[in-house]
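What follows is calculated from the coordinates using simple rules that are stated; it is not laboratory data. Keep in mind the model is a prediction, meaning the values are calculated, not measured. Cβ coordinates were reconstructed from backbone atoms using ideal geometry, including for glycine residues, and neighbour counts include every protein chain displayed.
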Amino acid sequence: MANQIKITYFALRFKKYYFGIENKKSMANICQITGKKVMVGNNVSHSKKRTKRKFYPNLFEKRYYLPDEKRWISLKVSAAGIRTISKKGLSTALKEAKEKGYIANY
């Protein structure tokens, strides 16, 4: 009975890692304007014991209208990316992001 439980537990763990079910949130959390992405750091407890954690960017799925091409585009942008677009303009921000390699096409 104990061996059967161990085999089942192993099969479930293998399935999670093999099929990528383990952590869906870390997939492609990158801002397409600023390039912000997931960072790794430490949780520091009161006793100063450190454990690993992740810092996720503040991302939004947002639609913008391109008046030059007369169409809507959908971007995954951070809060800082939204501020950059409102400051510089959409076409300028997209041009700079394409030069830096944060976005391939839009």
Practice problem: List Ile30, Ile85 from most exposed to least, where exposure is judged by having the fewest other Cβ atoms within 10 Å. | Solution: Ile30, Ile85
Exercise. Hey, can you grab everything whose amide H is under 5 Å from the amide H of Ser78? Only 5+ residues off in sequence or another chain; H modelled, so Pro and N-termini drop out.
Key: Gln32, Ile33, Thr34, Phe60
Exercise. May I ask which of Lys54/Lys88; Lys36/Lys87; Lys37/Lys95 have a Cα-Cα span longer than 26 Å here?
Key: Lys54/Lys88
Practice problem: Give the distance, in whole Å, between the Cα centre of segment 62-106 and the Cα centre of segment 26-47. | Solution: 22 Å
Quiz item: Based on the mean of other beta carbon atoms within 10 Å per residue, what is the order of 76-82, 36-42, 46-52, 62-68, most packed first?
Solution: 76-82, 36-42, 62-68, 46-52
Quiz item: How would you classify segment 30-100 from its alpha-carbon gyration tensor, with a ≥ b ≥ c the square roots of the eigenvalues: rounded for a/c under 1.5, else prolate if a/b is greater than b/c, otherwise oblate?
Solution: prolate
